[in-house]
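The values are calculated or read from the model by the stated rules, or taken from the named source; none is laboratory data. Small disclaimer: the values here were computed from a predicted structure and weren't measured. Cβ sites come from the backbone with ideal geometry, for glycine too, and all protein chains shown count toward neighbours. Ligands, DNA and RNA are excluded from the accessible area calculation, which covers all protein heavy atoms including side chains. Shrake-Rupley method; radii C 1.70, N 1.55, O 1.52, S 1.80 Å.
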Amino acid sequence: MTTEVGLTAVILAVTGDQPRVLTVRQDALPQGPLDPAGDNTLEKALRHWIRAQTGLEVGYVEQLYTFADRYRDPREREGGPRAVAVAYLALVRETKVSSEAHWEGVYRIFPWEDWRQGRPSVMDEIEPALEQWAGSSGARRERASIVFGARWDEERVLERFELLYEAGLVGEAPGATLRPGRTMEADHRRMLATALGRMRGKIKYRPVIFELLPEVFTLLQLQGAVEALAGVRLHKQNFRRLVEGAGLVEGTGSSTATRGRPAELFRFRREVLTERPAPGVARLTRLEKTR
């Protein structure tokens, strides 16, 4: 059996109050094969495929995960090669892309992950379907309670998707009985779930949120970006005290020019990177959740 190695990019942005992901062909992530003879590094090859398929030059990139499950590519069942995908996470500010690419709202793909306005209406379908799937199985009930229960852990994005897949409650699952959210090609929704969970955890201990913001921003914009990724609301005053007290931002001396009350503009304070090992927005998603 031969093996094919491909590269896939999960490219995230936050626009307004919505997390967005860059897709091609409407339901796929940018991807391309690795040329073992011609590609000197995986990252350079990835950037080539992103540029070719979307016209976008990305900055921040990190390796996300290697997806290598048997039969993730249907061709393998017919004697085709084993398909291995090395996925990367890229963070950008949304900009114009080629006509073959499209920015898609992350919560159109994962509608059960956005609790900013309270309990999502899609849970009215998911909860009884999970109840039926669990039946009298204590193990299934416990698992559903852990990932979808009252003690909501925003980082368990992948676990929730995999549970719904196993229960036949997403469109990608064989014989699906429920199809909440937009489906994606192959296992690309699983890749996106992995990336969203990674980001929700990472913003707590690394200043990656600033990769998604303009050079100068208001504290309201910063809070909105964190909330957009975390999928929960935060306490405004506590958020501002924590961000300013942690030395993550510094004032620019300027403010927004609006008809209403002007808001002070801030920038990321890069010196914090050398001052402590984990300069993220720690504990922010635990300040106040709307459940």
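Some observations on this one:
- Flag for residue 26 being open to solvent by 60 Å² or more (accessible area, probe 1.4 Å) and among the polar types (S, T, N, Q): yes
- Subset of region 211-253 (residues that are farther than 21 Å from residue 120 by Cα and under 15 Å from the mean Cα position of the chain (by Cα)): 211, 212
So that you can scan it fast, the table gives a plain yes or no per residue for (1) within 21 Å of the chain's Cα centre (by Cα); (2) not β-branched (Val, Ile, Thr):
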site: 15; (1), (2): yes, no
site: 44; (1), (2): no, yes
site: 52; (1), (2): no, yes
site: 63; (1), (2): yes, yes
site: 70; (1), (2): no, yes
site: 85; (1), (2): yes, yes
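- The set of residues from region 226-244 being outside any loop (DSSP other than H, G, I, E, B), in contact with an Asp or Glu (Cβ under 8 Å, 6 or more places away or on another chain) and open to solvent by less than 20 Å² (accessible area, probe 1.4 Å) comprises 227, 228, 230.
- Condition met for residue 65 (among the hydroxyl-bearing types (Ser, Thr, Tyr) and at pLDDT 95 or above): yes
- Pairing each residue of region 235-253 that is closer than 11 Å to residue 219 by Cβ with any residue that is open to solvent by less than 70 Å² (accessible area, probe 1.4 Å) and part of a strand (DSSP E or B), provided the two are 6+ apart or on different chains, yields C-beta distances under 8 Å for 243/249; 248/268; 249/266; 249/268; 251/265; 251/266.
- Within region 181-196, the set of residues being open to solvent by less than 10 Å² (accessible area, probe 1.4 Å) and farther than 16 Å from residue 30 by Cα comprises 196 only.
For every residue, the table says whether it meets (1) within 23 Å of the chain's Cα centre (by Cα); (2) of a type in the set (Lys, Arg); (3) open to solvent by 10 Å² or more (accessible area, probe 1.4 Å).
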{"position": "74", "(1), (2), (3)": "no, no, yes"}
{"position": "79", "(1), (2), (3)": "no, no, yes"}
{"position": "90", "(1), (2), (3)": "yes, no, no"}
{"position": "98", "(1), (2), (3)": "yes, no, yes"}
{"position": "137", "(1), (2), (3)": "no, no, yes"}
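- Among (1) of a type outside the set (Val, Ile, Thr); (2) touching a strand residue (DSSP E or B) at 6+ places or on another chain (Cβ under 7 Å); (3) closer than 17 Å to residue 110 by Cα, the one test that residue 193 misses: (2)
- Failed condition for residue 220, given (1) open to solvent by 20 Å² or more (accessible area, probe 1.4 Å); (2) farther than 20 Å from residue 64 by Cβ; (3) part of a loop (DSSP other than H, G, I, E, B): (3)
- With respect to being under 30 Å from residue 83 (Cβ atoms) and either assigned to a helix (DSSP H, G or I) or among the hydrophobic types (A, V, I, L, M, F, W, C) (or both), residue 201 fits the description.
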